[in-house]
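Undergrad: Before we start, here is the structure in question, set down as structure tokens.
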Amino acid sequence: QVQLVESGGGLVQPGGSLRLSCAASGNIFSINAMGWFRQGPGKQRELVAGITSEGSTNYADSVKGRFTISRDNAQNTAYLQMNSLKPEDTAVYYCNALVTVITTRGPNALDAWGQGTLVTVSS
């Protein structure tokens, strides 16, 4: 019913920048919070940044001042601007969205995930 497609990952040198995008599509009535999570090698998945439909944001301490989350509600798209990247930022980054869809039985809330995009920070 809902698809999240991430893009923008890749290989970057330490100190470099990348911008991730997450486009949501499907039978969407509304999107509440959107967020970016990551899972590094041998680590658990962790929240990187989140943003509400009103634009309120929160960040993991490890990325504050370096990453910026934003969203375009008209395009059902979220972005993660990542600056001053460090090797420890290497991970698969996943987009997450809390979505309300309309079904034949009425509105239904879904917790949707993208397939992930790999970010590698290395010289």
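Undergrad: From THR103, THR90, which residue is open to solvent by 20 Å² or more (accessible area, probe 1.4 Å), of a type in the set (Val, Ile, Thr) and within 18 Å of the chain's Cα centre (by Cα)?
TA: Working: THR103 fails: within 18 Å of the chain's Cα centre (by Cα).
Being open to solvent by 20 Å² or more (accessible area, probe 1.4 Å), of a type in the set (Val, Ile, Thr) and within 18 Å of the chain's Cα centre (by Cα) holds for just one of THR103, THR90, which is THR90.
Results for (1) farther than 22 Å from GLY15 by Cα; (2) touching an Asp or Glu at 6+ places or on another chain (Cβ under 8 Å); (3) surrounded by 14 or more Cβ atoms within 10 Å (Cβ to Cβ); (4) of a type outside the set (Asp, Glu), shown as yes or no for each residue.
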position: ASN27; (1), (2), (3), (4): yes, no, no, yes
position: GLY35; (1), (2), (3), (4): yes, no, yes, yes
position: GLN44; (1), (2), (3), (4): yes, no, no, yes
position: ILE51; (1), (2), (3), (4): yes, no, yes, yes
position: ASP61; (1), (2), (3), (4): no, no, no, no
position: ASP72; (1), (2), (3), (4): yes, no, no, no
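Undergrad: Right, here's the next one. Among the residues of the stretch 51-91, which ones are β-branched (Val, Ile, Thr), without any contact (Cβ under 8 Å) to a residue 24 or more places away in the chain and assigned to a loop (DSSP other than H, G, I, E, B)?
TA: Taking the stretch 51-91 first, the residues β-branched (Val, Ile, Thr) are 51-52, 57, 63, 68-69, 77, 90.
Remaining after also requiring without any contact (Cβ under 8 Å) to a residue 24 or more places away in the chain: 52, 57, 68.
The one that is β-branched (Val, Ile, Thr), without any contact (Cβ under 8 Å) to a residue 24 or more places away in the chain and assigned to a loop (DSSP other than H, G, I, E, B): THR52.
Undergrad: For the stretch 1-50, give me the residue count where each residue is at pLDDT 95 or above, under 13 Å from VAL119 (Cα atoms) and part of a loop (DSSP other than H, G, I, E, B).
TA: Residues meeting the conditions: 7.
Undergrad: Provide a single number: the residues in the stretch 38-53 that are among the aliphatic types (A, V, I, L, M), over 19 Å from SER7 (Cβ atoms) and in contact with a helix residue (DSSP H, G or I) (Cβ under 8 Å, 6 or more places away or on another chain).
TA: Just the residues of the stretch 38-53 that are among the aliphatic types (A, V, I, L, M), to begin with: 47-49, 51.
From what is left, the residues that are over 19 Å from SER7 (Cβ atoms) are 47.
Pick out the ones that are also in contact with a helix residue (DSSP H, G or I) (Cβ under 8 Å, 6 or more places away or on another chain) and you get none.
Matching residues across the stretch 38-53 total 0.
Undergrad: How many residues are of a type in the set (A, V, I, L, M, F, W, C) and open to solvent by 20 Å² or more (accessible area, probe 1.4 Å) when one looks only at the stretch 13-25? If you could, list the steps in order and put the result at the bottom.
TA: Step one: list which residues in the stretch 13-25 are of a type in the set (A, V, I, L, M, F, W, C), which gives 18, 20, 22-24.
Those left that are additionally open to solvent by 20 Å² or more (accessible area, probe 1.4 Å): 18, 23.
Adding up the residues that qualify gives 2.
The values are calculated or read from the model by the stated rules, or taken from the named source; none is laboratory data. Small disclaimer: the values here were computed from a predicted structure and weren't measured. Backbone-built Cβ (ideal geometry, glycine too); neighbour counts: all protein chains shown. The accessibility values were calculated without ligands, DNA or RNA, using every heavy atom of the protein model including side chains. Shrake-Rupley method; radii C 1.70, N 1.55, O 1.52, S 1.80 Å.
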